[in-house]
Amino acid sequence: MTVPLWKADALQALAPGTGFPGAQSRPHGTASSVSDRLFEQVRRFEAALANMSQGLCMFDAEEQLVVCNHRYHELFGLPAGSLSFGMTQTEVCRVLLRNGCYPAGVTLDQLRLGTLTALGGETGQPVLRELADGRVLSILYRSMDGGGWVSTFEDVTAQRRSEARIAHLARHDGLTDLLNSRTFREGDHALLRPADPKRPVVALLSLDLDRFKFVNDTYGHALGDELLRAVAERLRMGVRPGSAIARMGGDEFAILMRARSEAEVMARAQALVAAIARPFETSGGFVEIGVSIGLETVRGGLGDIERLILDADLALRHAKASGRGQVRVFDPAMSESARLRRALESDLHEALATDAFELHYQPLVELAGDRIVGMEALVRWNHPERGLVSPATFIPVAEEIGLIVSLGEWVLRRACADASHWPDEIAVAVNVSSMQLQQAGFAQTVFETLAQTGLAAARLEIEITESAILDESEATARNIAALKAAGIRFAMDDFGTGYSSLSYLRRFPIDKIKIDRSFMKDAETSADALAIIRAVAGLGVSLGITTLVEGVETAEQLDLARAEGLSQVQGYLISRPKPRAEIEGMLRAAAAPSPAAHRETPAGA
Ligand code: C2E
Ligand code: CA
Ligand code: CA
């Protein structure tokens, strides 16, 4: 075979010591212009080969190596002189294998087959090969006219790593490195396939942290993020390897796991609750939070993951509603109540738009003078099909969907407008939800309402619950301060049903305590209930706070309230909540001051 000069030289230049004559020294006695041009061309070609960032080798029609550059040796980490011109491709592959270039297990046949396939397919697509040291080469094969082929080799390790990184980021949550919601919802979790007959139960857990918002708002987002990462770590440790854990957003997580039984799932969920309840040591000190879990299980395959997520979320809502740190398993009844709720929700929106609400009023009676001193506004909803729906049913829903803000404004406006027609000594008490108090503009809304209706601030009493006061938000504190400064009074509603620690009295000096009607109901039989009534009455006297007991239904209860020294009463004995027209008639008749005069006969109540 004749060896063209440039072939030999290229090999020699890049694999020094192979014994081919060098082209750098111009051959003697061939000083023709043709060979000069050839010589020049070879030099250029050589420079190009030597400076390529890619490795290159060329095999001729007999599959023998005819060109191979220095970069090729470098890429494979081959010592100089390992390859020589004329070697067959099989021999070259052997050298590569012998030098440990490819990971253990790669065979000569595989390499040969790879090349042949790439050439046969002529896809023009590079073939990726992983080297023993973990680097990845992208190899492009191209056949030449007249037989043989050229292959180029490129190190794409960095590119591949950043691609892998990007792919990872696209599938994971940046903060916790758990799966992200989208990936989780794809339900394409390797753990669930193939099905594991020993663990037939697939469980989807929906988790929501308790108190996280408080911690985040109080200590700042940096600590919040730190806490979320720590939570993710505890979740990882709390599940079997192979379970899928995702951060679904904010402080919500989800876990997909396999288990031997439903009981095992429950035990694991409880263990997670316990794990998250342990204090977290953060850069800002120890922090305590909790987690509530809703879960749904299926046997066999995963099935429809979206449905599982919905069910688990619904169970989670029930868990949340029954307090912190609870685990609830989905129950079909939950769907039914959710359906009813959704119906209620849309009806509520409709009701507000169509003015389907009205206010009833219930008298507040001062025991000292036996006279009506105020009216509590209680909202009523006249539902086209369901009839009168109790506020105890729809107020919580309105609160949850945020509708309470506009409904509350409507109640306030209506109540103030009605009360502006009543005698000056009659106050109006309006129930206000904590969500309303959290609105930055709430105090302003109240002031505007008073101005528009002409009701004096001193005639408005706002009833709030303990939860509103315990909510330590800035906006609530500002609203209460502004309203109090304007002379509006505050009553603590449903006293005794919540935390019942009066420590907040110092922070938000309230004007009235309304003892929940359950205490009046029990007062005659329960010493505890009576003791609470007595204690509150005493506290009222010493702090100068008005005390009222709700739910007075009998003359005996009225006597008891009087005997215990409470300032006011409210209840069916005096009057049920009634529409405005009836209440106004009652006020006109109230010239006679004895509460007995306002009494309904208990039988009619
Ligand atoms: P609440 O503020 O404790 O209102 C007193 C509730 O006790 C009223 O129920 C009233 O009808 C009932 N009640 C009054 N006297 C007696 C009695 O002698 N015996 C018995 N068994 N019950 C009596 P209602 O009107 O069904 O209201 C339930 C709850 O709905 C209210 O409890 C209040 O928390 C909420 N609510 C009502 N109207 C509004 C409103 O406009 N805004 C807000 N945020 N909540 C409201
Ligand atoms: Ca009330
Ligand atoms: Ca109450």
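The values are calculated or read from the model by the stated rules, or taken from the named source; none is laboratory data. Just so we're clear, the structure is a prediction, and the values are computed from it rather than from any experiment. Cβ sites come from the backbone with ideal geometry, for glycine too, and all protein chains shown count toward neighbours.
May I ask you to verify whether A167 is under 30 Å from the mean Cα position of the chain (by Cα), modelled with pLDDT under 90 and farther than 30 Å from R299 by Cβ? Criteria met by A167.
Against the criterion of being at pLDDT 90 or above, in a strand (DSSP E or B), touching a His at 6+ places or on another chain (Cβ under 6 Å) and not assigned by TED's automatic domain parsing to the domain that holds A451, L364 does not qualify. Looking at this structure, is A429 part of a helix (DSSP H, G or I) and either out of contact with any Cys (no Cβ under 6 Å at 6 or more places or on another chain) or farther than 30 Å from G585 by Cβ (or both)? In short, no.
Is there a residue being of a type in the set (K, R) and more than 12 Å from ligand 1 (Cβ to nearest atom) anywhere in region 529-538?
Within region 529-538 (the criterion being of a type in the set (K, R) and more than 12 Å from ligand 1 (Cβ to nearest atom)), the answer is yes, since at least one residue qualifies.
Among the residues of region 370-385, are any modelled with pLDDT under 90 and polar (S, T, N, Q)? Scanning region 370-385 turns up at least one residue that is modelled with pLDDT under 90 and polar (S, T, N, Q).
If you go through region 390-404 and keep only what is more than 10 Å from ligand 1 (Cβ to nearest atom) and outside any loop (DSSP other than H, G, I, E, B), you end up with V397, E400.
Within region 371-382, the set of residues being under 35 Å from the mean Cα position of the chain (by Cα) and more than 16 Å from ligand 2 (Cβ to nearest atom) comprises W381 only.
Annotation note: of L235, L209, L272, the sole residue that is buried (at least 21 other Cβ atoms within 10 Å of the Cβ), under 25 Å from L470 (Cα atoms) and not β-branched (V, I, T) is L209.
Per the listing E358, E385, the residue uniquely surrounded by fewer than 19 Cβ atoms within 10 Å (Cβ to Cβ), outside the structural domain of A581 (by TED's automatic domain parsing), within 23 Å of L340 (Cα to Cα) and in contact with a strand residue (DSSP E or B) (Cβ under 7 Å, 6 or more places away or on another chain) is E358. Please specify each residue of region 304-343 satisfying the condition of being loosely packed, with under 14 Cβ neighbours inside 10 Å and either of a type in the set (A, V, I, L, M, F, W, C) or modelled with pLDDT of 85 or more (or both). Correct list: E306, R307, A321, P332, A333, L340, A343. Pairing each residue of region 356-385 that is closer than 18 Å to A561 by Cα with any residue that is hydroxyl-bearing (S, T, Y) and more than 14 Å from ligand 1 (Cβ to nearest atom), provided the two are 6+ apart or on different chains, yields C-beta distances under 6 Å for D370/S594. Residue pairs whose Cβ atoms lie under 8 Å apart, sitting 6 or more positions apart in sequence or on different chains, and linking a residue in region 40-52 that is among the polar types (S, T, N, Q) to a partner that is surrounded by 12 or more Cβ atoms within 10 Å (Cβ to Cβ), are Q41/W6. Working carefully through the options A351, A377, find the one that is surrounded by 15 or more Cβ atoms within 10 Å (Cβ to Cβ), outside any strand (DSSP E or B) and of a type in the set (G, A, S). Criteria check complete, one pass: A351. Taking region 108-133, which residues are in a loop (DSSP other than H, G, I, E, B) and at pLDDT 90 or above? Listed by number, the residues that qualify are L131, A132, D133.
Flag: A203 does not match the condition of being surrounded by fewer than 21 Cβ atoms within 10 Å (Cβ to Cβ) and closer than 14 Å to V327 by Cα. If you go through region 92-107 one residue at a time, how many are assigned to a helix (DSSP H, G or I) and either in contact with a Lys or Arg (Cβ under 6 Å, 6 or more places away or on another chain) or touching a residue at least 12 places away in the same chain (Cβ under 8 Å) (or both)? Matching residues across region 92-107 total 6. Quick one: would you say R459 is away from ligand 2 (no atom under 16 Å from the Cβ), closer than 24 Å to V549 by Cα, among the basic types (K, R) and in the same structural domain as V536 (by TED's automatic domain parsing)? It is true that R459 is away from ligand 2 (no atom under 16 Å from the Cβ), closer than 24 Å to V549 by Cα, among the basic types (K, R) and in the same structural domain as V536 (by TED's automatic domain parsing).
What do you reckon, is G224 at pLDDT 90 or above, of a type in the set (G, A, S) and either touching a strand residue (DSSP E or B) at 6+ places or on another chain (Cβ under 8 Å) or crowded, with 19+ Cβ neighbours inside 10 Å (or both)?
Working: at pLDDT 90 or above: yes; of a type in the set (G, A, S): yes; either touching a strand residue (DSSP E or B) at 6+ places or on another chain (Cβ under 8 Å) or crowded, with 19+ Cβ neighbours inside 10 Å (or both): yes.
Yes, satisfied.
Within region 458-480, the set of residues being in a loop (DSSP other than H, G, I, E, B) and β-branched (V, I, T) comprises T465 only. Of all residues in region 391-432, exactly one satisfies the criterion of being small (G, A, S), within 13 Å of ligand 2 (Cβ to nearest atom) and at pLDDT below 95, namely A392. When L75 is tested against (1) assigned to a helix (DSSP H, G or I); (2) within 50 Å of the chain's Cα centre (by Cα); (3) surrounded by fewer than 17 Cβ atoms within 10 Å (Cβ to Cβ), only condition (3) is not met.
One residue stands out among those in region 516-528 that are among the hydrophobic types (A, V, I, L, M, F, W, C) and under 13 Å from E550 (Cβ atoms): the one that is farthest from ligand 3 (Cβ to nearest atom), which is A523.
Scanning region 213-249 for residues that are without any contact (Cβ under 8 Å) to a residue 12 or more places away in the chain and in contact with a Lys or Arg (Cβ under 9 Å, 6 or more places away or on another chain) yields a count of 0. Taking region 465-478 as the range and being more than 15 Å from ligand 1 (Cβ to nearest atom) and either of a type in the set (S, T, N, Q) or touching a Cys at 6+ places or on another chain (Cβ under 9 Å) (or both) as the test, only S473 passes.
Name the single residue, out of those in region 325-355 being aliphatic (A, V, I, L, M) and touching a residue at least 40 places away in the same chain (Cβ under 8 Å), that is farthest from ligand 2 (Cβ to nearest atom). Talk me through it step by step, then tell me what you get.
So the first thing to find is which residues in region 325-355 are aliphatic (A, V, I, L, M), and the list is 327, 329, 333-334, 338, 340, 343-344, 348, 351-353.
Okay, now just the ones that are also touching a residue at least 40 places away in the same chain (Cβ under 8 Å), so 327, 329, 344, 348, 352.
Numbers: V327: 34, V329: 35, L344: 21, L348: 20, L352: 20 Å.
Once the filter is applied, the top-ranked residue is V329.
Please pick out the residue among L483, L455 that is farther than 26 Å from E582 by Cα, at pLDDT 95 or above and either away from ligand 1 (no atom under 14 Å from the Cβ) or part of a helix (DSSP H, G or I) (or both).
Working: L455 fails: farther than 26 Å from E582 by Cα.
Of the residues listed, the single one that is farther than 26 Å from E582 by Cα, at pLDDT 95 or above and either away from ligand 1 (no atom under 14 Å from the Cβ) or part of a helix (DSSP H, G or I) (or both) is L483.
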